[in-house]
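The structure under discussion appears below in the form of structure tokens.
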Amino acid sequence: MKDYEVIVVGAGNGGLSAAAYLAKAGKKVLVLERNNLPGGCATSFVRGRFEFESALHELCAMGDGTGGKVKGSVRKILEEYGMSVPGRFIDDAFRTICTDPAHPVDVTMPTGIRDYIDAMEQAVPGSRDAITGILELSRMISDSVGWLQKRNNEPKLFEYAELLYKYGDLLKVEPCSVSEICKRFDLPAEAEMIFESYWEYISADPDNMSFAVYAMMNYTYLNETPWIPLERSHALELEFDRVIRAFGGDIRYNTEVKRIEIRDNTVNGVTLADDTYIPCRYVMSNLMPTTVFGHMVDEKEVPVRERKLIKARKLGQSACTIYLGLDIPAAELGIREYNMFLYDSLNGHESYESHKSLDTHNDFCVTILNNVLPGASPEGTCMLYFTSLYPEDVFKDLKEEDYFAMKDKVARDTIEGFEKSMGVSIRGHIEEIVVALPVTFARYMGTPRGVIYGYEPDLWDGMFEREQSGHYLDHTVKGLRFCGGHATQMDGYSQAIGSGREQAVFLLEDMEAGR
């Protein structure tokens, strides 16, 4: 058997990015993936005439440096790996709808900072000064993140003076929540609801989510414009596959890792589901620490810090996604947006709390892929995806005999809610329907409770806090590092790619230093 220096467990975006970096650096890399395709959540499946994306919405930080756009950090990473993935930018950020009769909102927000501010003022007169101030603060935060990324989030001691001088406000607002900053700027409630529309992308209560983290993501979407690959998820993932192999790396699909072998706090190799043992000194895990230390490592080898972190952190949100293939174009239904959020409350905190129960959860995101990629489904058809997110295990008491009835109920309630909110009828046009509850995601991804967002960010455990501990403090086992949507840069396609490169840099340093 070929000898490998690094084994990457899991071929999600984080694992693939890490593998590409390490293989490019000349290391002998093996990627092991239990499914038959790369990508993790970034995948698709076919039902009838339709190829549904399991999770693809859009990527951020993909600015190409033209038309006034800066070159985004994720695009730079892909170019560094020699990847070429044709894509297109999405002009509108989102459409958000609040169905509360006392505070109705229905607005489509464009990308571009000036256009966004103008649209906000038109939707909520008197909000211009507040939203302008918030976005200027967001620009400073975005610039500071770029400054930190150039230093792989580890500035030298003498560089901290520059950080404080140029971006001192970052340290002031990072501990503040999104809601707190909006109130400091006196942003009207309707405008705050619109501004916070992306909160479900981060999977956190706006009252307990770092403004700095949210502002950076929101500003990147607005300034660099959301982006989607023309050939969808598999175009991105197969390009990762191509460059990894071109750099001399190996990838094995349909190959499940059962155990990561650790002795005396040091990685020794991995054992596969068929009991094949592969020795190596370094492992990059695309799987969550909860999964690894809970099921794949000898209990005696779990470090105390990992036990504490797993107990302290809250699992991110689980998803229920309804995939519809309709026998009618979206335009004939009067639906022209790509990305929509439907909430029944202006207050983000109230919405978050309502998601903890099936009885009170009435919100969902809607993605209409055809409105960005017209050829995504056969001519005369369209695909709609409805996603509801749950911060608690709302299905924990569901009995096996009631499983399919529950899927029917969730789908029926969601479709009826959409029809009522939009004033359209889609039930008579449904050609294909697939309902994925959290157990579906758990089975495919191997995550606890089927969570799709790793760990829920908190004011004590957001991106900046994770970055500060991601090199040394969280390197608790010699030879083992973690990357992906659960890691330092949190959830999302783009963040996972960035996390993979970042942690690969650290692992390469480990190898060179013999630690």
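Do we find that residue 158 is aromatic (Phe, Trp, Tyr) and either at pLDDT 95 or above or within 17 Å of residue 220 (Cβ to Cβ) (or both) in this structure?
No: the conditions fail for residue 158.
Just checking, how many residues over the stretch 277-296 are within 23 Å of residue 445 (Cβ to Cβ) and either of a type in the set (Ser, Thr, Tyr) or in contact (Cβ under 8 Å) with a residue 60 or more places away in the chain (or both)?
Number satisfying all stated conditions: 12.
Out of all the residues in the stretch 179-198, is one or more of a type in the set (Gly, Ala, Ser), assigned to a helix (DSSP H, G or I), open to solvent by 20 Å² or more (accessible area, probe 1.4 Å) and in contact with a helix residue (DSSP H, G or I) (Cβ under 6 Å, 6 or more places away or on another chain)?
No; the residues of the stretch 179-198 include none that is of a type in the set (Gly, Ala, Ser), assigned to a helix (DSSP H, G or I), open to solvent by 20 Å² or more (accessible area, probe 1.4 Å) and in contact with a helix residue (DSSP H, G or I) (Cβ under 6 Å, 6 or more places away or on another chain).
Out of the residues in the stretch 292-314 that are touching a helix residue (DSSP H, G or I) at 6+ places or on another chain (Cβ under 6 Å) and aliphatic (A, V, I, L, M), state the one that is least open to solvent (accessible area, probe 1.4 Å).
302
Can you tell me how many residues in the stretch 455-472 are assigned to a loop (DSSP other than H, G, I, E, B) and either charged (D, E, K, R) or out of contact with any strand residue (DSSP E or B) (no Cβ under 8 Å at 6 or more places or on another chain) (or both)?
Of the residues in the stretch 455-472, 7 are assigned to a loop (DSSP other than H, G, I, E, B) and either charged (D, E, K, R) or out of contact with any strand residue (DSSP E or B) (no Cβ under 8 Å at 6 or more places or on another chain) (or both).
Does residue 247 satisfy the criteria of being open to solvent by 30 Å² or more (accessible area, probe 1.4 Å), over 20 Å from the mean Cα position of the chain (by Cα), within 21 Å of residue 114 (Cβ to Cβ) and modelled with pLDDT of 95 or more?
Here the answer is no, as residue 247 does not meet what is asked.
Just for the stretch 494-515: of the residues that are among the small types (Gly, Ala, Ser) and over 20 Å from residue 316 (Cβ atoms), which one is least open to solvent (accessible area, probe 1.4 Å)?
504
Out of all the residues in the stretch 37-54, is one or more of a type in the set (Ser, Thr, Tyr), within 26 Å of residue 447 (Cβ to Cβ), out of contact with any Cys (no Cβ under 9 Å at 6 or more places or on another chain) and surrounded by fewer than 20 Cβ atoms within 10 Å (Cβ to Cβ)?
Yes, there is a match, as at least one residue in the stretch 37-54 is of a type in the set (Ser, Thr, Tyr), within 26 Å of residue 447 (Cβ to Cβ), out of contact with any Cys (no Cβ under 9 Å at 6 or more places or on another chain) and surrounded by fewer than 20 Cβ atoms within 10 Å (Cβ to Cβ).
If you take just the strands (runs of 3 or more DSSP E) that sit entirely in the stretch 1-79, which of them hold at least 3 residues that are out of contact with any helix residue (DSSP H, G or I) (no Cβ under 9 Å at 6 or more places or on another chain)?
In the stretch 1-79, 44-47 are the strands (runs of 3 or more DSSP E) which contain 3 or more residues that are out of contact with any helix residue (DSSP H, G or I) (no Cβ under 9 Å at 6 or more places or on another chain).
Inspect all residues belonging to the stretch 200-211 and state whether any of them is under 13 Å from residue 464 (Cβ atoms), buried (at least 19 other Cβ atoms within 10 Å of the Cβ) and polar (S, T, N, Q).
Checking the stretch 200-211: at least one residue is under 13 Å from residue 464 (Cβ atoms), buried (at least 19 other Cβ atoms within 10 Å of the Cβ) and polar (S, T, N, Q).
Restricting attention to the stretch 120-138, report how many residues are loosely packed, with under 15 Cβ neighbours inside 10 Å and in a helix (DSSP H, G or I).
3
Please go through the stretch 109-119 and give me each residue that is open to solvent by less than 10 Å² (accessible area, probe 1.4 Å) and not in a helix (DSSP H, G or I), ordered by number.
The one that is open to solvent by less than 10 Å² (accessible area, probe 1.4 Å) and not in a helix (DSSP H, G or I): 109.
Can you name every residue in the stretch 470-493 that is open to solvent by 10 Å² or more (accessible area, probe 1.4 Å) and farther than 17 Å from residue 290 by Cβ?
Hits for the stretch 470-493 are 472, 473, 475, 478, 489, 492, 493.
If you check 286, 265, which single one turns out to be under 23 Å from residue 505 (Cα atoms), surrounded by fewer than 17 Cβ atoms within 10 Å (Cβ to Cβ) and at pLDDT 95 or above?
Result of the check over 286, 265: 265.
Touching a helix residue (DSSP H, G or I) at 6+ places or on another chain (Cβ under 8 Å), closer than 26 Å to residue 485 by Cα and surrounded by 23 or more Cβ atoms within 10 Å (Cβ to Cβ), is that true of residue 147?
Spelling it out, it is not the case that residue 147 is touching a helix residue (DSSP H, G or I) at 6+ places or on another chain (Cβ under 8 Å), closer than 26 Å to residue 485 by Cα and surrounded by 23 or more Cβ atoms within 10 Å (Cβ to Cβ).
Residue check: is residue 408 under 24 Å from the mean Cα position of the chain (by Cα) and either over 15 Å from residue 55 (Cα atoms) or in contact (Cβ under 8 Å) with a residue 40 or more places away in the chain (or both)?
no
The values are calculated or read from the model by the stated rules, or taken from the named source; none is laboratory data. Remember, predicted model here, so these are calculated numbers, not experimental data. Note: ideal-geometry Cβ built from the backbone for every residue, glycine included; neighbour counts use all protein chains shown. For accessibility, only protein heavy atoms count, side chains too; no ligands or nucleic acids. Shrake-Rupley method; radii C 1.70, N 1.55, O 1.52, S 1.80 Å.
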